[in-house]
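What follows is calculated from the coordinates using simple rules that are stated; it is not laboratory data. Nothing here was measured: the structure is a model prediction, and the numbers come from that model. Cβ sites come from the backbone with ideal geometry, for glycine too, and all protein chains shown count toward neighbours.
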Amino acid sequence: MTPPLPDRPNLRIVLTGGPGGGKTTALDLFRRELGERVVAVPESATIMFTGGFPRVDDPDARRSAQTAIYHVQRNLEDVQSALHPTRVLLCDRGTVDGAAYWPGSGDEFFRAMSTSHEAELERYDAVVFFQTAAAGGLKIEGGNPARTETSEQALALDKALRTLWAKHPRFFLVPHRASFLEKISMGLAILQSVVSQLEAAKAGE
């Protein structure tokens, strides 16, 4: 049974998935389609890494980076929630994502952030997961300068992220398609349905 919506003003939907999944493209198109009904929360990791935050493979440095990303993500969401209490928040990734990038187990990540997997999932009303294009053997290089993963790394991250987010009671998968346009159209249809269902549920409380 799907649980009731949390008692807070905003509806929050997170768009996530492995690198090269098309989530940022879908978010931008959907925001343009719905206009002032929604507000986008940008991906904190992209903001930080393109702004000069160091990105290295040293485990201690990665822990520090993921800690910073987690707190920036939470505060970005809370700022947009405070500024736009009546709009649906569309989040480009969420606070759970850091557990897949942490140099250790997901449980270690949540303990280090003084939280739990369950508590972070409860921050969001629904999850729309865009499977990486690497699942179809396609290259994921694109216009995002913050994306440095190989196709093999993208597949591993996609699997880890899906395992983490699939525990949400409102988890929706947008699988890989040979046609990117078909995939984005499917993702937009799912988003439209999710927003309509959540808004109806919120209105009926």
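Annotation: the residues Leu89, Leu198, Leu15, Leu83, sorted from fewest to most other C-beta atoms within 10 Å of their own C-beta, follow the order Leu83, Leu198, Leu89, Leu15.
Each Cα pair under 8 Å and six or more residues apart adds its sequence gap; the mean of these over the residue count of the chain is a relative contact order of 32 percent.
If you model the chain as an ellipsoid using its alpha carbon gyration tensor, with each semi-axis the square root of five times an eigenvalue, the axes come out at 25, 21, 16 Å, biggest first.
Computing FRET efficiency as 1/(1 + (r/R0)^6) for Arg111 and Asn75, where r is the C-beta to C-beta distance and R0 is 35 Å, gives about 0.95.
Can you sort Asp57, Asp92 from fewest to most other Cβ atoms within 10 Å of each residue's own Cβ?
Details: Asp57 7, Asp92 23.
Lowest count first: Asp57, Asp92.
Structural size metrics of the stretch 148-192, computed from C-alpha coordinates, are Rg and Dmax of 12.3, 32 Å. Restricting attention to the chain, the count of lysine pairs at 8 or more positions apart or across chains with alpha carbons under 22 Å apart stands at 9. Looking at Pro9, Leu157, Ile184, which one has the Cα that reaches farthest to the positive end of the dipole of the chain (charges on Cβ: Lys, Arg +1; Asp, Glu -1)? So the residue we want is Ile184.
By the count of neighbouring beta-carbon atoms within 10 Å, fewest first, Ser185, Ser151 end up ordered Ser185, Ser151.
Look at the dipole of the chain built from charges on Cβ: of Val174, Leu90, Ala65, the Cα furthest out on the positive end belongs to Val174. Helical runs assigned H by DSSP (4 residues or longer) give the chain a calculated mean residue ellipticity at 222 nm of -15000 deg cm²/dmol, each run adding -39500 (n - 2.57) before division by the residue total.
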